[in-house]
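S.K.: Take this structure, written in structure tokens, and hold onto it; I'll ask about it next.
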Amino acid sequence: MQSRMAPCKYRTGRMLGSGTYAIVREAIHIETEEPYACKIINKQLLEGREYLVRNEIAVLKRISSGHPNIVALRDYFETPRNLYLCFDLCTGGELFDRICSKGSYYEADAAGLVRTIFNAIQHIHNAGIVHRDLKPENLLFCTPEEDADIMIADFGLSRIMEEGTLNKLTEICGTPGYMAPEICLEMGHGKPVDIWAMGVVTYFLLAGYTPFDRETPQAEKEAIIKGEYRFEPEEYWANVSDTARDFVQVCLTADPVHRPTAAQALQHKWLASTTPYFVPDPSSSSGGPTDLLPHVKKAFNAKLTWKKAGYGIRALNRMASLAGSGHRLGQEAAQVEQYKKESAQEVMEEVPIMHYHQSD
């Protein structure tokens, strides 16, 4: 990989967010004024984990700029303190926030979104990549415009996995609630985990909550392993077609060997038919589709309230655990936050960078 010392081509913009080990800032290209989302990682946090970033860059170089619905890596470089990854900046918001802001939302809208996402997943899988963290938070709209493209983002957990390889991935990873049974069982996994996750996402798009919501993480894990879910309560599912329910069931096939590929999912009649499936609105004389938005928003808002309460309880339990078992974990967390704070303070246009050519 060729590199060279050079002045930075970007100037530091506003803070966009913060993750476990990285922060995300806006980076504005000095010549074009084009804004990007820049993932910034303190190199001290990478000690012993350098392979994770190398892997993310290798994944993104395979798929970037190859599909209109995948957030592309546009540049990457480093300073003595930080590593910078510059991506397309998506300004249209997260999937579910966008849906909840609409005036109406129909089953055909959900099918259109799922079809678009599956086309991108097919591209990712054909490139020998498994994403491993598909969820609504990683599905972003490119711009605020009504017809904006939806984009798959965050390939931090993705892996290169060539066809015909015998070694499966074995570590537990992903987001609870969206992880496939084979991940929970640590039995080895691959591309089928993305299909399972999309089954969960589709369920969520149709009802406003996820199929494996339980009161405790252990109960949630057990429900996933057993494939234990229902299309309930009935009031939320009465307005969803049997064809859509069948599509969810097919994606949530417990045995990954019998789970469809992305290409097969796209052939399911819910996505492949030119005539949309829907339940007629009983209050309409025209026989048009029922608006799913009222129930979806109601369930989603209830889930947000429950999650906030859950986070508070877990935070209190965490504090009690730390108080009882020493401060090592607390000190580690404080150190991570300090490194992230130092990363945020760096003004990229004032620091010489080691630039890596994207074409290399």
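S.K.: How many of the residues in region 258-272 are in contact (Cβ under 8 Å) with a residue 12 or more places away in the chain and either loosely packed, with under 13 Cβ neighbours inside 10 Å or out of contact with any Leu (no Cβ under 8 Å at 6 or more places or on another chain) (or both)?
M.R.: Summing the residues that are in contact (Cβ under 8 Å) with a residue 12 or more places away in the chain and either loosely packed, with under 13 Cβ neighbours inside 10 Å or out of contact with any Leu (no Cβ under 8 Å at 6 or more places or on another chain) (or both) in region 258-272 gives 10.
S.K.: Looking at (1) part of a loop (DSSP other than H, G, I, E, B); (2) under 22 Å from residue 196 (Cα atoms); (3) over 12 Å from the mean Cα position of the chain (by Cα), which is the only condition residue 105 fails?
M.R.: Condition (2) is where residue 105 drops out.
S.K.: In addition: Could you say whether any residue in region 230-240 is among the polar types (S, T, N, Q), touching a Phe, Trp or Tyr at 6+ places or on another chain (Cβ under 9 Å) and more than 30 Å from residue 126 (Cα to Cα)?
M.R.: Taking every residue of region 230-240 in turn, at least one turns out to be among the polar types (S, T, N, Q), touching a Phe, Trp or Tyr at 6+ places or on another chain (Cβ under 9 Å) and more than 30 Å from residue 126 (Cα to Cα).
S.K.: Across region 35-69, what is the number of residues that are part of a loop (DSSP other than H, G, I, E, B) and either at positive phi or at pLDDT below 95 (or both)? Working first, answer last.
M.R.: Of region 35-69, the ones part of a loop (DSSP other than H, G, I, E, B) are 47-49, 64-69.
From what's left, either at positive phi or at pLDDT below 95 (or both): 47-49, 64-68.
Summing the residues that are part of a loop (DSSP other than H, G, I, E, B) and either at positive phi or at pLDDT below 95 (or both) in region 35-69 gives 8.
S.K.: Please go through region 129-150 and pick out each residue that is part of a loop (DSSP other than H, G, I, E, B) and farther than 17 Å from residue 196 by Cβ.
M.R.: Of all residues in region 129-150, those part of a loop (DSSP other than H, G, I, E, B) come to 131-135, 142-149.
Those that are part of a loop (DSSP other than H, G, I, E, B) and farther than 17 Å from residue 196 by Cβ: 142, 143, 144, 145, 146, 147, 148, 149.
S.K.: A further question on this structure: Could you go through region 39-60 and let me know if any residue there is touching a strand residue (DSSP E or B) at 6+ places or on another chain (Cβ under 6 Å) and free of Cβ contacts under 8 Å to residues at least 12 places away in the same chain.
M.R.: no
S.K.: Then there's this: Just one of 72, 58 is among the aliphatic types (A, V, I, L, M), under 17 Å from the mean Cα position of the chain (by Cα) and within 27 Å of residue 161 (Cβ to Cβ); which is it?
M.R.: From the options 72, 58, the qualifying one is 72.
S.K.: Moving on to the next point. Would you mind finding the one in 172, 225 that is more than 21 Å from residue 262 (Cβ to Cβ) and modelled with pLDDT of 95 or more?
M.R.: The conditions single out 225.
S.K.: Turning to a different aspect of this structure: Exactly one of these conditions fails for residue 332: (1) out of contact with any strand residue (DSSP E or B) (no Cβ under 8 Å at 6 or more places or on another chain); (2) surrounded by 11 or more Cβ atoms within 10 Å (Cβ to Cβ); (3) at pLDDT below 80; (4) in a helix (DSSP H, G or I). Give me its number.
M.R.: Tallying (1) out of contact with any strand residue (DSSP E or B) (no Cβ under 8 Å at 6 or more places or on another chain); (2) surrounded by 11 or more Cβ atoms within 10 Å (Cβ to Cβ); (3) at pLDDT below 80; (4) in a helix (DSSP H, G or I), residue 332 fails exactly one: (2).
S.K.: Can I ask one more? Which of the residues belonging to region 124-153 are of a type in the set (Asp, Glu) and crowded, with 20+ Cβ neighbours inside 10 Å?
M.R.: Matches in region 124-153: 133 only.
The values are calculated or read from the model by the stated rules, or taken from the named source; none is laboratory data. Source: prediction; values computed, not measured. Virtual Cβ from ideal backbone geometry, glycine too; neighbours counted across all protein chains shown.
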